[in-house]
Structures are given as C-alpha cells and as structure tokens.
Amino acid sequence: MSTLEELAFAGDESAFADLAGQYRRELHVHCYRMLASFDDAEDAVQETLLRAWRSLDQYDGRTYFRAWLYRIATNVCLDLTRRQSRRTTAPNDLMWLQPYPDRLLDEVAPPTDQPDAVAVDRETIELAFLIALQALPARQRAALIARDVLGWSAAETAGLLETSVAAANSALQRARATMQQRLPARRADWSAPRPTAEERDVLDRFIDAHQRCDVAAAVAIAAEDLRVSMPPDRMSFAGLTACLPLLERAFGPDRDGEWRLVPTSANRLPAAASYLLRPGDTVWRAFKLDVLRISDGRITEIMTFGYSRFPAFGLADRLTP
C-alpha cells in the first residue's frame, strides 16, 4: 500500500481526494454510460466521491479501491434513475441525451491498482450504443456494463448489484438480447476507436457545404435514409426527402446569416460546431453542435445539440473575422 493510500484510509481528506481523483474521469465515463447525460454524470461522480468519503470506514481493504468506487457509482446512478423514473421506448424520447467530448475521453488512463486499462471503445461510447443502453432497465444496464464493458466476472457483477450470480447472469442475458434487437443492423463492426480518414473527409465536405451554403453539396454526402434528431426536442426527420426542408432553410436565401464551422469529435464520432453571423452582427456566435454517423462515405445520422455543450468541448462562444 502506498503512502497516499495509507494516509487516505487513515482519514486524511486531502489524501483521499488525491487518491479518488485518479479515477474521476473513468468514473464519469461509467456514470455517463449509465445515464447518457454528461451533466448528470458529473453530479453522480460528485455524489459518489462524497459517499465514498463518508463510508471510508466500511472499506475492508480487500476489494480493489477502484472496484469499490465503481460499486458506489453504480448505486448512485441506480438511485438517480429511480428518482427520475427514466424509461424510453424510442431514440427521440431521450430528452436528457448529451454528447461526450473526445478530448475528455482521452483523459481516461489505466488504473493504478490494476494492470488492465479501462477501455473507452467506440462501441461502448457511441450515441447509438448509449441510446440502446437506455432502453434497458437500470439493473440490466448495470449488469451489461459491468460484464461487457468493464470485463468484470459474474461474481464481481453480482457483488456490484448486491444479488446472486444467477440473478446477475439472468439480467445480463436479457440485456444482451435487448441490445441485439435495438442496435442498428448495419453496424456489425464497432471496432474503430476514432473517426476514420473517410469519415474525416466527409466531415470536411460537410463543413465546406455549410460554409458555402451549398444544398447540392450537402445532399451529395447524405444517405437516402438520413436521420436527423435534435435532443432535447422531440423533433426528428427520417429520410433525405424529409430532411431537405432543413437544408433549404439553413442554406437558402431566407437563411438567418452566414455559417462558420469548427471540426471536433464526440463519442468517437466526427462532429462540427456551428457558428452563425447574423445580419448586422460583427462576430459569429455559437449556434449548434452536429454529431455525425457515417457509413460507406455517406452521412446516415445527424444528432444536433445546442451550443450549451460548447464549454465541455473547449469551444469558444464566438468567433471573430
């Protein structure tokens, strides 16, 4: 046991904060998977660390400290889910869905008390995966994350959920069946860890089409089954034909101003932050964040979020000429 751990477990609050702080980002990602909200995950981590400090005398020293924190974090998320009665039956019912900046995912580091790193795989952080996760009852969601994301054993998962191994395995089986039904059939390969060169090229063309207000160029990179959704609004559009009025309103002669876009990435997907220069204004002001899902060189889905997400992405609230 290191000196820091000795001090923390002896009740030194500063040492405890330093020790627990090593796991803060990965706990935040864990809570985000459970809740699909960046802000709620932040609240859950705060509550997790507070509960851990208050119950430090209950830590037996035999369980990995990291695993103990994960158990507390999972229970915090389960409590939050119960209080908010979160259930969803369709993607556009996820009113609380928020994107996660890749720049913060990159901060997740290997734990110090175990040799294996916590993977932030594209498949377990993509928005489509998170949306499917939210369809699961909370305990099934926790079981699937523990087994299939964190790689915990059946016994460890049972301990996490404070239930029997048989019950934990049953929850996992039901969760896997539901996920298989709800994940996009065309996404058989979830292995790429970051946007590919092809996806970055499509993102560049997306940005160029917007900045030139070129409807034809935007249509050229869109799939026929393009889907556009705008959490937290329930508004969604399915099919390129249904999405065309959006493009014409954004790019046509009656548009609100001129666009400037900044490339970024969220949930291991290409994204673009849009700024709008309105008539008579002198700066481009933050407007929206588009997260793109791309398949075979075409944009198949755009999830549009408000500019309130910009600070987490390290994006400015305005751009000057």
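Just to be sure, is GLU26 farther than 22 Å from ALA135 by Cα and more than 18 Å from the chain's Cα centre (by Cα)? So GLU26 fails the test. Within segment 257-312, being in a strand (DSSP E or B) and either of a type in the set (Lys, Arg) or without any contact (Cβ under 8 Å) to a residue 12 or more places away in the chain (or both) holds for ARG260, ARG285, LYS288, ARG293, ARG298. Residues that are aliphatic (A, V, I, L, M) and either in contact with an Asp or Glu (Cβ under 7 Å, 6 or more places away or on another chain) or closer than 18 Å to PHE206 by Cα (or both) occur at least once in segment 302-317.
Residues that are part of a loop (DSSP other than H, G, I, E, B), modelled with pLDDT under 95, out of contact with any Phe, Trp or Tyr (no Cβ under 9 Å at 6 or more places or on another chain) and hydrophobic (A, V, I, L, M, F, W, C) occur at least once in segment 228-239. Would you point out the residue of segment 75-107, among those that are out of contact with any Ser or Thr (no Cβ under 9 Å at 6 or more places or on another chain) and polar (S, T, N, Q), that is modelled with the highest pLDDT? Among them, the one singled out is THR81. The helices (runs of 4 or more DSSP H) located wholly in segment 1-82 that include 3 or more residues which are more than 30 Å from SER308 (Cβ to Cβ) occupy 3-9, 13-21. Reported count of residues in segment 1-30, each being β-branched (Val, Ile, Thr) and either touching a helix residue (DSSP H, G or I) at 6+ places or on another chain (Cβ under 6 Å) or surrounded by 16 or more Cβ atoms within 10 Å (Cβ to Cβ) (or both), is 1.
The values are calculated or read from the model by the stated rules, or taken from the named source; none is laboratory data. Predicted model, so just to flag it, every value in this text is computed and none were measured. Virtual Cβ from ideal backbone geometry, glycine too; neighbours counted across all protein chains shown.
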